[in-house]
1. Exactly one condition in (1) over 17 Å from the mean Cα position of the chain (by Cα); (2) open to solvent by less than 40 Å² (accessible area, probe 1.4 Å) is false for residue A:66; which is it?
2. For the stretch B:52-78, give me each residue that is open to solvent by 10 Å² or more (accessible area, probe 1.4 Å), under 17 Å from the mean Cα position of the chain (by Cα) and farther than 16 Å from residue B:33 by Cβ.
3. Give the residue, chosen from B:42, B:26, B:80, that is away from chain A (no Cβ under 14 Å), touching a residue at least 24 places away in the same chain (Cβ under 8 Å) and in contact with a helix residue (DSSP H, G or I) (Cβ under 9 Å, 6 or more places away or on another chain).
4. Which of the numbered conditions does residue A:460 fail, given that it passes all the others? Conditions: (1) in contact (Cβ under 8 Å) with a residue 12 or more places away in the chain; (2) within 12 Å of chain B (Cβ to nearest Cβ).
5. Take the conditions more than 19 Å from residue B:172 (Cα to Cα) and at pLDDT below 95 and apply them to residue B:294. Does it pass?
6. If the requirement is being at pLDDT 95 or above, within 24 Å of the chain's Cα centre (by Cα) and open to solvent by less than 10 Å² (accessible area, probe 1.4 Å), which of these qualifies: A:528, A:610, A:516?
7. Are any residues in the stretch A:215-246 surrounded by fewer than 21 Cβ atoms within 10 Å (Cβ to Cβ) and away from chain B (no Cβ under 14 Å), and if so, which ones?
8. If the Cβ limit is 8 Å and pairs must be 6+ apart or interchain, which residue in the stretch A:565-591 that is without any contact (Cβ under 8 Å) to a residue 24 or more places away in the chain pairs with which residue that is in a strand (DSSP E or B)?
Amino acid sequence: MSTPSKVQQVETVTIRFVGDSGDGMQLTGTEFTRANALAGTDLATFPDYPAEIRAPAGSLSGVSGYQVNFGSREIHTPGDAPDVLVAMNPAALKTNLPDLRAGGMLIVNKGAFNASNLEKADYKSNPLDDEALKHAYKVLSIDMSMLTDHALEGSGLSSKETARCRNYFALGLMYWLYSRPMEQQLEQIQKKFGKKPQFVEANQKVFKAGYAFGETVEVGLQRYEVPASKLPPGTYRTVTGNFAVALGFATVAKLTGKQVFLGSYPITPATEILQEMSYFKEHGVVTYQAEDEIAGIGSAIGASFGGALGCTTTSGPGLALKAEMMGLAVIAELPLVIVNVQRGGPSTGMPTKTEQSDLLVALFGRHGEAPMPVLAAQSPADCFWAAIEAMKIATKWMTPVLLLTDGYLGNGSEPFKVPLAGELPKFEVKYQTTPNHDGAYMPYKRDAKLIRPWAIPGTPGLEHRIGGLEKDSMSGMVSYDGMNHERMVLTRAQKIANVVEDVPDVQVFGKPSGDVLLVSWGGTFGSVRGAAEQLQGQGKAVSHVHLRWLNPLPKNLAAVMKGFKKIMVPEVNNGQLAFYLRGMFPGVDPVQFNRINGKPIKIAELASKVLEVL
Amino acid sequence: MATENTSLPVYSKKDFESGVDPRWCPGCGDFSIINQVQKALPAVGRKREDIVFISGIGCSSRFPYYMNNYGMHTLHGRAPSFASGLKVSRPELMVWVVTGDGDALAIGGNHFIHAMRRNIDLKLLLFNNRIYGLTKGQVSPTSEIGKKTKTTPHGSPDAPFNPPALAIGSGATFVARSIDVEGAHLGLVLKAAAEHKGSCFTEIYQNCPVFNDGAYTSITEKSVKADALLRMEHGKPLLYGKDNKKGIRFNAKTAELEVVTVGEHGVTEPDVLVHDAKRDDPTMAFMLANLALKPGFPTPIGVFRDVSRPTAEELTWDMINAAKAKKGDVDVLKLIAGSDTWQIK
């Protein structure tokens with residue numbers, strides 16, 4: 001028996017679990033994340049999985065991964081390079097080893113490194129026998145397959161069922177390595193598999209075996225502890241961005257007492273929002289899975305015409321299909337929120353990989369003069385607040401609103417501080433119930449902010465007809481009068497411009513003037529904030545502003561940018577915000593930093609780029 | 001928001017006229033159709049403000065502007081999607097969809113078949129003039145093979161849809177056909193449509209005097225219509241013809257419908273098929289619907305199918321109400337917190 005290892009405290013650690021699609025890596029990752037959340041660390045996660053549901057077992061294309069970064073200080077991203085890589089088969093090792101930090105810890109399931117799996121991963125020889133590997137990393141090679149089989153001897157489970165328990169061995173070992181208490185995980189297994197007692201027992205056994213392995217293995221493993229972070233006091237839960245959007249919409253139904261109607265069509269990586277909202281029926285949410293993307297938004301607009309708070313969720317290709325419908329919502333001036341969980345494009349592109357390449361289509365991707373408020377969430381938890389804000393703007397201003405998130409935010413998770421009663425916005429939705437013009441109802445008679453009233457079917461005396469044809473500026477009846485059209489185009493544009501009164505000024509992170517101002521939007525918030533912190537720590541005159549609102553842009557943005565010698569725009573696209581800023585602010589010519597590799601920007605690569613331009 | 005429990009005002013046809021003069025061409029069949037709809041509505045037992053008309057794009061789709069109800073003129077082919085969302089969201093409203101052959105069956109084919117199969121209580125009226133009118137005369141999905149139009153100068157090579165057959169195949173629970181010039185018949189079909197609960201499809205043969213004039217004269221002319229039209233009535237034998245001696249018989253050997261004459265070749269009236277619109281199995285309704293395209297057969301008008309099933313919106317709201325009854329009114333903060341939280345002090 002080895003002597004109990006000393007526990008070493010570390011501030012942050014990044015762990016990546018990788019294995020075959022069928023190896024349960026997403027589950028292992030989320031369970032380990034949960035353990036760290038319960039221990040009070042701050043964290044961020046990044047699941048990375050193939051588009052194929054079941055790619056050939058053991059193949060390079062079938063590798064599924066889950067990265068979690070947790071720490072006792074503020075965590076902005078899922079981490080650049082993993083400190084620990086847990087690889088369950090040769091294909092997973094091959095595709096992920098290049099990311100492991102030099103000197104990092106490599107934990108492998110030796111049992112999966114058989115001839116067949118090695119061949120599928122295109123290895124000529126067993127990489128675990130390679131001395132160079134052992135020099136470059138701290139390698140812990142364990143036959144998890146065999147140890148799992150041993151633990152489950154006599155359990156009566158088939159070999160296939162036994163194999164499915166292996167991920168709990170890895171999880172148990174990680175629990176031991178990072179000093180997390182076993183008990184809550186045993187309870188969690190009970191909860192998860194409660195309906196099938198044989199699996200409860202099996203998974204608990206294997207989990208304990210993994211934990212015990214750490215304790216008893218004779219190599220003197222170093223044990224670590226990541227203390228709780230100094231997150232603000234309060235009640236926390238973990239949320240993914242997609243779940244947070246769903247929760248935000250359900251919260252809107254509660255706050256307003258009005259029905260939230262989601263019309264949607266399944267599409268990666270947005271589908272979870274529809275799935276999650278279908279569980280919120282009792283809170284005033286109605287979900288409708290439409291026959292296609294167009295009907296998804298169409299049904300939502302139909303519901304909005306009826307007085308519901310309509311919304312639709314999609315990703316890039318679906319957004320393209322919804323373009324004509326968005327134009328109708330613009331001209332009809334009905335409230336609607338379109339959530340676009342961006343993914344790699346164009347066309348089918350990379351469905352499971354993240355990208356920020358729909359900014360310009362969000363701003364301009366409709367025919368005719370069809371402006372629409374556009375905002376973007378900055379983190380998984382922020383998706384909750386962004387969904388509420390989008391709905392608030394849509395109903396107040398009688399307009400469709402586009403909310404941009406992305407695959408990284410949608411699938412990534414982080415701790416979410418549950419708001420207190422006073423922290424939720426006041427949110428009232430009102431319908432017109434009386435005539436507004438000499439005893440008649442004029443659906444396009446506006447208030448001082450240019451907002452039109454919302455009268456809904458069932459209201460006696462306010463019967464009216466609207467549609468996609470240009471409307472008379474008062475009655476809403478069809479009008480082909482050129483001057484009326486010009487007036488309506490300008491009025492709709494001015495109304496959206498007026499939304500700026502609800503757009504908060506940008507806050508500068510760092511000094512209000514200096515050498516470089518990093519300007520970011522959407523899901524890159526964490527990476528860019530992390531880089532800015534790092535550079536400021538080195539004494540560099542680098543500041544950061546993050547744009548939540550893309551249309552209208554914050555009032556003070558132009559003035560803020562004037563304080564810096566250079567503007568730099570990091571984006572996971574080919575330069576869309578940079579292009580937009582050049583157009584909106586003549587004279588501003590940002591330095592671009594673009595990554596289009598399906599992954600979030602790494603803090604280190606951005607920081608070194610900033611140093612180059614300084 | 002609907003006010004069903006208060007008394008219903010006594011309406012006349014005029015109460016359903018918006019006062020906007022319809023902009024259809026003189027002689028258009030749409031005038032006759034809107035006239036029948038406005039005549040039918042006072043008797044449907046619904047308040048004016050609880051009735052909504054949703055349309056797509058095309059000549060027929062201007063319809064909502066001329067009705068004094070709530071209405072929305074939406075996008076080409078997409079009306080069923082708006083109407084479905086509205087009806088699921090607000091089941092207490094009576095929702096009509098007005099569409100045409102191009103709108104419903106070409107660009108909107110997908111929404112159409114799904115609206116039919118879901119069994120949402122939508123009253124869909126398809127004005128079939130077998131031509132694109134608003135774009136001035138191109139071939140439509142119901143134009144016959146060989147039809148010469150601006151886009152098919154040598155004749156259309158494409159087989160047309162038979163709309164009631166498509167609706168039956170898609171699972172509609174009410175399927176009917178009428179004709180713009182058969183006012184009284186159309187009125188009765190509209191009344192039956194209004195009374196049905198579920199996906200409700202009514203094809204209305206409609207003459208376009210400008211781009212496809214006379215499309216239906218071969219069955220509507222006074223001199224021919226008795227022999228050309230089969231007026232289906234639930235529970236009555238399928239008889240037609242000047243002296244009502246022709247009939248439709250089901251030939252069990254060939255599994256086909258055939259035309260017979262009562263009094264000839266030993267045929268008696270009991271041999272003639274009795275129309276059963278309430279039959280759950282759609283096969284016979286489908287066979288009848290297909291007669292419209294068959295040489296030697298009359299064109300059936302009336303109700304092909306009228307069966308009762310729970311509607312999608314009823315099932316949706318049963319689930320919502322069950323969830324509400326089970327879980328009660330959860331406080332918003334509890335909703336947000338969920339069941340898996342931790343404290344940081």
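The values are calculated or read from the model by the stated rules, or taken from the named source; none is laboratory data. A quick note: this is a predicted structure, and the numbers were derived from the prediction, not measured. All Cβ positions, even for glycine, are placed from backbone atoms using ideal geometry, and neighbour counts span all protein chains on display. Calculation scope for accessible area: heavy atoms of the full protein, side chains included, ligands and nucleic acids excluded. Shrake-Rupley method; radii C 1.70, N 1.55, O 1.52, S 1.80 Å.
1. The single condition residue A:66 does not satisfy is (1).
2. Hits for the stretch B:52-78 are B:57, B:78.
3. B:42
4. Answer for residue A:460: the failing condition is (1).
5. Here the answer is yes, as residue B:294 does meet what is asked.
6. A:528
7. A:215, A:216, A:217, A:218, A:219, A:220, A:221, A:222, A:223, A:224, A:225
8. Partner pairs satisfying both residue conditions: A:575/A:569; A:575/A:592; A:575/A:594; A:578/A:569; A:578/A:571; A:578/A:592; A:589/A:567.
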